[in-house]
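The values are calculated or read from the model by the stated rules, or taken from the named source; none is laboratory data. All figures in this text were calculated on a predicted structure; none of them were measured in a lab. No Cβ is skipped: glycine too gets one built from the backbone with ideal geometry, and neighbour counts run over all protein chains shown.
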Amino acid sequence: MEVKLSQKAQAELGTLMVNTPDLIHLLSLLPKENLSEYPLLQKELTSKHPNSRSYNKALKNKTFTKEEFRDRIFARLDVFAYEMAVNLNTDYLVERVSLIVGADIARIDELEINEIGADVLQRILTDLSTDVCKQIQPKGDHPFLAERGRIDHGFWRHADKAYNAYIDGYNTQASLDAWCQLNLHTRCPQSFIRWLKTYGNPKEIAEWMSYVA
């Protein structure tokens, strides 16, 4: 496969190619399946990485155990999950739990998976998984934050209304465009439906909420 790069991109690639430590570090962070054709390289990228060696040395010296290291990771993931969850619409979860415990808030600590329900837990986990992608998506991918080109702020500041119209059945470009002209007095961008299929409700996107604040 031939890829044509700009001169600046070629220069950056050249710098990376001659800077072996940086290149090795980047390769070590790739998903393993991306290096499946290079098993020896894949193995040594991990085993000979300075951080892998320092980690194994700490285990050997009993600075901490593997379980303690794992638990610290999970504790950090708990923080990530909470910070994302409080910004999601979780009314369905609150409603389910309230039906089980009523006013006995202390009982929440004793709930079992089957009491909350696999369907509810799967939904919250799916929502969190989707939100992870939104969190790491470059801001420039949101049209209303683009630094170049013409931005129709008259539309994007009311993207939540266009989203509701889409949910209500105006789910083709032509019908949604007609709705926007009638109700928002502007056209619906060609990219909007594709954008909302990726990101969902604008009101659940932190960047959009900051944009309209």
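Modelled with pLDDT of 95 or more, outside any helix (DSSP H, G or I) and more than 30 Å from Thr130 (Cα to Cα): does that describe Ala58? Walk me through how you get there before you give the answer.
On the way: modelled with pLDDT of 95 or more: yes; outside any helix (DSSP H, G or I): no; more than 30 Å from Thr130 (Cα to Cα): yes.
Considered against the rule, which asks whether it is modelled with pLDDT of 95 or more, outside any helix (DSSP H, G or I) and more than 30 Å from Thr130 (Cα to Cα), Ala58 comes out as no.
Conditions (1) of a type in the set (A, V, I, L, M, F, W, C); (2) surrounded by 11 or more Cβ atoms within 10 Å (Cβ to Cβ); (3) over 29 Å from Lys203 (Cα atoms); (4) without any contact (Cβ under 8 Å) to a residue 12 or more places away in the chain, marked per residue:
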{"site": "Thr63", "(1), (2), (3), (4)": "no, yes, yes, yes"}
{"site": "Lys66", "(1), (2), (3), (4)": "no, no, yes, yes"}
{"site": "Ala75", "(1), (2), (3), (4)": "yes, no, no, yes"}
{"site": "Val79", "(1), (2), (3), (4)": "yes, no, no, yes"}
{"site": "Val86", "(1), (2), (3), (4)": "yes, no, no, yes"}
{"site": "Asp91", "(1), (2), (3), (4)": "no, no, no, yes"}
{"site": "Ala103", "(1), (2), (3), (4)": "yes, no, yes, yes"}
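Since Asn164 meets every condition but one in (1) at pLDDT below 90; (2) not assigned by TED's automatic domain parsing to the domain that holds Glu83, which condition does it not meet?
(1)
Give me the residue from the range 61-90 that is under 30 Å from the mean Cα position of the chain (by Cα) and part of a loop (DSSP other than H, G, I, E, B) and, out of that set, modelled with the lowest pLDDT.
Asn87
Has the range 105-122 got any residue that is closer than 20 Å to Thr198 by Cα, out of contact with any Asp or Glu (no Cβ under 6 Å at 6 or more places or on another chain) and not small (Gly, Ala, Ser)? It would help to see each step written out before you state the result.
Step one: filter the range 105-122 for residues closer than 20 Å to Thr198 by Cα, giving 122.
Pick out the ones that are also out of contact with any Asp or Glu (no Cβ under 6 Å at 6 or more places or on another chain) and you get 122.
Restricting the remaining residues to those that are not small (Gly, Ala, Ser) gives 122.
Yes; the residues of the range 105-122 include at least one that is closer than 20 Å to Thr198 by Cα, out of contact with any Asp or Glu (no Cβ under 6 Å at 6 or more places or on another chain) and not small (Gly, Ala, Ser).
Which ones in the range 198-208 are at pLDDT below 90 and over 14 Å from Ala165 (Cα atoms)? Steps first, answer last, please.
As a first pass, look at the range 198-208 and keep what is at pLDDT below 90: 198-200, 204-207.
Once the filter is applied, which keeps residues that are at pLDDT below 90 and over 14 Å from Ala165 (Cα atoms), the range 198-208 yields Thr198, Tyr199, Glu204, Ile205, Ala206, Glu207.
Among the numbered criteria (1) assigned to a helix (DSSP H, G or I); (2) closer than 17 Å to Ala146 by Cβ; (3) touching an Asp or Glu at 6+ places or on another chain (Cβ under 9 Å), which single criterion is violated by Glu207?
All conditions pass for Glu207, except number (3).
From the set of residues in the range 1-49 that are surrounded by fewer than 12 Cβ atoms within 10 Å (Cβ to Cβ) and among the small types (Gly, Ala, Ser), which is modelled with the lowest pLDDT?
Filtering first and then ranking leaves Ala9.
From Gly169, Gly149, Gly154, which residue is modelled with pLDDT under 95, surrounded by 11 or more Cβ atoms within 10 Å (Cβ to Cβ), small (Gly, Ala, Ser) and over 30 Å from Phe80 (Cβ atoms)? Talk me through it step by step, then tell me what you get.
Numbers: Gly169 fails: surrounded by 11 or more Cβ atoms within 10 Å (Cβ to Cβ); Gly149 fails: surrounded by 11 or more Cβ atoms within 10 Å (Cβ to Cβ).
Within the list Gly169, Gly149, Gly154, the selection yields Gly154.
If we keep just the residues of the range 121-146 that are over 22 Å from Val86 (Cα atoms) and at pLDDT below 75, which is farthest from the chain's Cα centre (by Cα)?
Gly140
Residue pairs, Cβ under 8 Å, 6 or more apart or interchain, first in the range 39-51 and farther than 15 Å from Asp22 by Cβ, second assigned to a loop (DSSP other than H, G, I, E, B). List them.
Matching pairs, first to second residue: Gln42/Ser36.
Taking Leu125 as the residue in question, decide whether it is free of Cβ contacts under 8 Å to residues at least 24 places away in the same chain, part of a helix (DSSP H, G or I) and loosely packed, with under 15 Cβ neighbours inside 10 Å. Quick ask: steps written out before the conclusion?
On the way: free of Cβ contacts under 8 Å to residues at least 24 places away in the same chain: yes; part of a helix (DSSP H, G or I): yes; loosely packed, with under 15 Cβ neighbours inside 10 Å: yes.
The answer is yes for Leu125.
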